[in-house]
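Accompanying notes for the structure given below.
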Amino acid sequence: MMAPKVVLQVMVFALVFSMLATRPAWGEQDCYAEKDAEDQSVGVALICKCMKTITIIGAYVDPSNRCRATVQVSDMACICLVLSIDEELTISVAKLLRLARQCGKLVPVGSKCGTFTIPPLPPPSQSADP
């Protein structure tokens with residue numbers, strides 16, 4: 001009588017483990033390789049190739065051609081979504097968003113970029129005609 005109970009417990013454990021171990025099971029895109037792959041053959045590694053542009057220290061530096069090419073093939077909204085709090089200690093979210101905009105890869109309004117939420121654009125200013 002003990003065997004069915006043990007089998008059931010193992011099955012429940014396996015189900016819970018598989019749900020927690022796989023991000024796609026929760027509907028999250030897997031773009032971690034695009035963001036920070038150490039092995040350049042694994043992914044485009046945006047952080048590595050664009051660090052001079054997106055570093056939190058100093059002024060914004062125009063991206064290199066290599067960085068621009070990387071941004072062009074990256075899902076910037078997904079990369080923003082998986083940006084961790086620890087990474088925000090070295091990467092400027094504002095510079096990352098500026099880089100994306102400069103390369104024509106806008107991150108949609110309302111999206112999360114690290115801990116920052118992309119605000120809506122302000123309405124166009126209306127000048128009062130007398």
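The values are calculated or read from the model by the stated rules, or taken from the named source; none is laboratory data. What you are looking at is a predicted structure, and each value in this text was computed from that prediction instead of being measured. Reconstructed Cβ throughout: ideal geometry from the backbone, glycine too, with neighbour counts over all protein chains shown. Note: areas computed on protein heavy atoms with side chains; ligands, DNA, RNA excluded. Shrake-Rupley method; radii C 1.70, N 1.55, O 1.52, S 1.80 Å.
Take ARG66, ARG98 and sort them by solvent-accessible surface of the protein heavy atoms, 1.4 Å probe, largest at the top.
ARG66, ARG98
If each of ASP75 and LYS52 carries a label point 7 Å out from its Cα toward its Cβ, how far apart are those two points in nm?
If labels sit at ASP75 and LYS52, their model points lie 3.0 nm apart.
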